[in-house]
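Have a look at the structure below before the remarks.
Bear in mind these aren't lab numbers, they're just calculated from the coordinates by the rules spelled out. Note that this is a predicted model, so its numbers are computed, not measured. Please note: Cβ atoms are built from the backbone with ideal geometry, for glycine as well, and neighbour counts cover all protein chains shown.
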Amino acid sequence: MAIKTVDMDRLAAMTGNLFESVSILSKRSRQISTNIKTELDDKLAYFEGFEQELEDPRFQEEQAKVSLEYEVKAEPTELAVEEMLAGDVYFRKPSEEDQELFL
């Protein structure tokens with residue numbers, strides 16, 4: 001896996017604070033990870049209930065292809081950073097009135 005540099009100043013400028021940017025990226029990364037896991041679980045659910053067929057080499061190949069497809073995909077963190085740099089991540093700062101509601 002190649003290492004990609006990220007312009008931290010650009011990320012910090014998007015929110016005004018580097019730590020807020022990292023927090024937003026971590027939340028988005030978790031969302032992406034959950035979505036990918038759900039997709040994988042749905043695809044692998046197809047193979048449940050085929051006890052006898054699981055020993056068939058062709059059936060095992062299909063299952064391996066599905067697993068390999070998800071192993072090759074980009075990491076959720078990388079996708080979150082790309083989305084944020086492209087301006088595709090929506091975030092907002094809570095107003096003072098919103099913060100007072102939670103106190």
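Summary: within the chain, the longest segment free of chymotrypsin sites (Phe, Trp or Tyr not before Pro) located in DSSP loops with at most 14 other C-beta atoms within 10 Å is 1-45.
For the chain, adding -39500 (n - 2.57) for each run of n ≥ 4 DSSP H residues and dividing by the number of residues yields -21500 deg cm²/dmol at 222 nm.
Can you list the GluC sites (Glu not before Pro) in region 1-86 that are in a DSSP coil and have 16 or fewer other beta carbons within 10 angstrom?
Numbers: sites: Glu20, Glu39, Glu48, Glu51, Glu53, Glu55, Glu61, Glu62, Glu69, Glu71, Glu78, Glu82, Glu83; in loops: Glu48, Glu51.
Hits after loop and neighbour filter: Glu48, Glu51.
Here semi-axes √(5λ) of the Cα gyration tensor in Å was computed from the coordinates, and among [x] 23, 18, 10; [y] 39, 19, 8; [z] 26, 16, 10 the match is [y].
For region 24-88, with only Lys/Arg (+1) and Asp/Glu (-1) charged at the beta-carbon, what is the dipole magnitude about the Cα centre, in debye rounded to 20?
Here the size comes out at about 440 debye.
Ordering Thr5, Asn35, Pro76 by Cα displacement along the dipole of the chain toward the positive end leaves Thr5 in first place; charges were set at the Cβ atoms of Lys, Arg (+1) and Asp, Glu (-1). Taking trypsin sites (Lys or Arg not before Pro) as exposed when DSSP calls them loop and at most 16 other C-beta atoms lie within 10 angstrom, the chain has its longest site-free stretch at 5-72. Each of Ser67, Phe91, Thr15 was placed along the dipole of the chain (beta-carbon charges, centred on the mean Cα), and the one lying farthest toward the positive end is Thr15.
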